[in-house]
Amino acid sequence: MAFTNNIMIVRHKLLADLVRLWKNDELVEKIDRLPIELSPRKSKPVGRCCIHKERAVWRYKTFPLMGLDMTDEHDEVTPLSEYARLALSRPEPEKENIMCVIDEACSSCIQINYEITNLCRGCVARSCYMNCPKDAIRFKKNGQAMIDHDTCVSCGICHKSCPYHAIVYIPVPCEESCPVKAISKDEHGIEYIDESKCIYCGKCMNACPFGAIFEISQTFDVLQRIRKGEKMVAIIAPSILGQFKTSIGQVYGAFKEIGFTDVIEVAEGAMSTTSNEAHELLEKLEEGQKFMTTSCCPSYIELVEKHIPDMKPYVSTTGSPMYYTARIAKEKHPDAKIVFVGPCVAKRKEVRRDEAVDYILTFEEIGSILDGLDIQLEQMQEFSVLHTSVREAHGFAQAGGVMGAVKAYLKEEAEKINAIQVSDINKKNIALLRACAKTGKAAGQFIEVMACEGGCITGPSTHNDIVSGRRQLAQELLKRKESYETMDR
């Protein structure tokens, strides 16, 4: 696996260790020793004050990986084994929140946003002082300015006013990465995620330098049900083609080895999304609507629901590929539990709205499960799915894929449709979408919106790194011969 940063290595290793203990029926018995084994007495902590702090961080990072969060701890002396027992015995996942912040890990970021450096010349103009609306600028004996952080509200006016650029902006990485201001510090200086604003894009999760932000995992809910002999069917997102180095048949074989009853590609459902969305687009344009956006990105749907309600009439009513695939799976296996597997945090929210999908695992979690169960992909017997989907359906995994699939499906009719893509939900693109919703006008008639810059293949919970994943996906798509170009509608 190619990791982007050490945070991903830590997350992957910890979950793999927990799965390994589960495999050996030792999770409850040995989890209490895990923080000690990960940070032995004579080891040197990196970035923490002491080895005991490091162990505390390990302890609390196991919570979300077991489907819990910090609110589940009511007594600090309760051993981890009790929480492991709870995780393995609960009938269904109970957490309402999708993500959480580990307070023990969220303790090293700066508490301030602006600071005056030694570049300050103690000038007579004192622009910072004169323009500060809160009178938060003080002066040292040598004339250099300083900020009273008890008074400062981090408005940034002093930063803009200084002629020497002596005042620097110090961002809080998770806050800066969030495009909708859904994360901020609470009264204790710990970051808090406001899920009434959160769109679950996952940007904060990998932006946090201390790995304090986690998804609430359903890994052990799925594994426990497999162990009990329940039928579990994996429906796997198209971006799986860019995740693992072996053949896709061996990857699907690994899912069978984990214990899944069947594997169905979400690309099969993407074909239904393509045809339905294509016809809906033509109908909307004929009715006089100026533009229509895609609907398959759950983070974008959350953005519309929570921040741009004026966009709702312009969002396609077509279901996502997961929606259609889940119903295919239920029809084929009516007595099975359906597990969506993909690279997305926001899918956890969509799964809760869809009665046909029971659980979700990410590619990152699958990588840890394979390691923890000691499943070697290159040794797997290949498993072939029954349905062959067109190349364009698998292309949903990349930016421009949905747009490309719809245009390929429409063939000649697509020539008169101007399609554009908004790839990456950031502050600038949110402002663009808000303007389109308010005016009812857009630069294109069909707009593909993806939360992640390169599409799902660059999602926050992928297994492969972004560059390798994109390259591998492109290579795999070239191998797919079935295409709308050679098919009759």
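Quick notes on this one:
- Among the residues making up the stretch 48-90, those that are in a helix (DSSP H, G or I) and of a type in the set (A, V, I, L, M) are I51, A56, V57, L65, M70, L80, A84, L86, A87, L88.
- Any hit, the stretch 147-154, residues being small (G, A, S), touching a residue at least 40 places away in the same chain (Cβ under 8 Å), closer than 30 Å to C123 by Cα and open to solvent by 20 Å² or more (accessible area, probe 1.4 Å): yes
- Residue check for V180: within 18 Å of Q111 (Cβ to Cβ) and open to solvent by less than 40 Å² (accessible area, probe 1.4 Å): no
- Residues that are in a loop (DSSP other than H, G, I, E, B), open to solvent by 40 Å² or more (accessible area, probe 1.4 Å) and hydrophobic (A, V, I, L, M, F, W, C), drawn from the stretch 160-172: I170
- Checking E415 against (1) touching a residue at least 12 places away in the same chain (Cβ under 8 Å); (2) under 29 Å from Q445 (Cα atoms); (3) open to solvent by 30 Å² or more (accessible area, probe 1.4 Å), the condition it does not meet: (1)
- Residue count for the stretch 340-378 satisfying the condition of being part of a helix (DSSP H, G or I) and in contact (Cβ under 8 Å) with a residue 40 or more places away in the chain: 16.
- If you filter the stretch 215-229 down to residues that are in contact with a helix residue (DSSP H, G or I) (Cβ under 9 Å, 6 or more places away or on another chain) and open to solvent by 10 Å² or more (accessible area, probe 1.4 Å), you find that the one that is nearest to R85 (Cα to Cα) is Q224.
- Restricted to the stretch 456-470, and to residues there that are over 20 Å from M403 (Cα atoms) and in a helix (DSSP H, G or I), the residue that is least open to solvent (accessible area, probe 1.4 Å) is G469.
- Within the stretch 442-489, considering residues that are acidic (D, E) and either in contact with a Pro (Cβ under 9 Å, 6 or more places away or on another chain) or more than 28 Å from T246 (Cα to Cα) (or both), the one modelled with the highest pLDDT: E448
The values are calculated or read from the model by the stated rules, or taken from the named source; none is laboratory data. All of these numbers come straight from a predicted model, not from anything done at the bench. Neighbour counts are summed over all protein chains in view; Cβ atoms, including those assigned to glycine, are modelled from backbone coordinates with ideal geometry. Quick note on the areas: whole protein, heavy atoms, side chains included, nothing else; ligands and nucleic acids left out. Shrake-Rupley method; radii C 1.70, N 1.55, O 1.52, S 1.80 Å.
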